[in-house]
Amino acid sequence: MKLDQAIQERRSIRGFTDEPVSRELLEEIIALANRAPSSMNTQPWHLHVLTGEPLERVRQGNTERMLGGVPPTREIEDYGAYQGEHRKRQIEIAVQLFEAMGIERDDKERRQDWVMRGFRQFDAPVSIVVCFDRELLNNTIAHFDTGAMTYGLVLAAWSRGLGAVINGQGIMQSPVVREVANIPEDQVILTCVALGWPDDEFVANSVISRRRPISNTARFLGFDD
């Protein structure tokens with residue numbers, strides 16, 4: 001698949017088949033993502049790839065804590081509630097997804113189930129926990145670098161027929177993830193990526209989030225009209 005095609009066609013996948021993903025294929029994808037640029041070639045990222053029993057333990061722990069009223073615990077600074085244009089875009093994609101799934105505004109049960117899918121890693125066969133070196137916790141460039149690698153990861157997966165969604169919900173109960181995955185204390189949990197073979201019958205997988213036009217994104221200075 002050409003790069004242009006992967007970038008244009010990639011979308012977040014939130015429904016997966018039960019078909020496993022081989023370690024060989026995952027290593028191939030990670031090797032490509034590992035080519036991401038980083039400040040001074042620092043390469044601050046670390047990946048913990050979970051499947052099978054360890055992943056089920058994370059799902060169970062996340063679900064039990066959330067349903068039990070345990071407040072989310074993330075290891076990076078929480079951004080809080082979005083406001084203004086960011087909030088509008090957040091609502092827009094939620095509306096797109098709920099409309100695709102036929103979830104009505106007053107259907108509290110199905111809305112709750114949708115939220116819990118995120119804490120279950122969207123029932124994907126693989127979850128990749130994305131971390132970076134703790135000594136760079138207050139270095140926002142390390143966050144940027146790790147984000148670049150994560151985008152490379154989902155693009156590489158898409159180019160090989162896999163689907164993925166970058167999923168902050170999956171690590172909102174970070175103590176569970178850290179314990180099950182035995183993540184070293186010198187690493188900070190940033191996010192996770194739910195990954196697997198897309199379920200073509202899961203209608204939300206067809207949703208494509210809308211993008212701002214270039215005129216609303218970029219300014220050009222010094223160019224001849």
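Values quoted throughout were computed directly from the atomic coordinates according to the rules given, and no laboratory measurement underlies them. Small disclaimer: the values here were computed from a predicted structure and weren't measured. Cβ placement follows ideal geometry from the backbone for every residue including glycine, while neighbour counts extend to all protein chains displayed.
Observations on the structure shown:
- Additional length obtainable on full extension of the chain from LEU32 to GLU85, 0.36 nm per residue less Cα span: 15.7 nm
- Take every Cα pair under 8 Å whose residues are at least 6 apart in sequence, average their separation, divide by the length of the range 1-136, and the relative contact order is 54 percent.
- Of the DSSP H helices in the chain, those whose Cα atoms cover at least 27 Å axially and whose Kyte score averages -1.0 or more: 140-159
- Cα shape, the range 141-225, gyration tensor, a/c 1.5 rule: oblate
- Cα shape, the range 127-176, gyration tensor, a/c 1.5 rule: oblate
- For ASP224, ASP106, order by how many other beta-carbon atoms lie within 10 Å, fewest first: ASP224, ASP106
- By average C-beta atoms within 10 angstrom, highest first, the peptides 153-161, 109-117: 153-161, 109-117
- Mean Cβ count within 10 Å, highest first, over the residues of peptides 10-19, 181-190: 10-19, 181-190
- About its Cα centre, the dipole of the chain is roughly 500 debye, where the only charges are +1 on Lys and Arg Cβ and -1 on Asp and Glu Cβ.
- Shape call, the range 14-86: gyration tensor on alpha carbons, a/c limit 1.5: oblate
- Residues whose amide H comes within less than 5 Å of that of HIS46, counting only those at least five positions distant or on another chain, are CYS131, PHE132 (H built at 1.01 Å from N in the peptide plane).
- Peptides 143-152, 205-214 ranked from most to least packed by the mean count of surrounding Cβ atoms within 10 Å: 143-152, 205-214.
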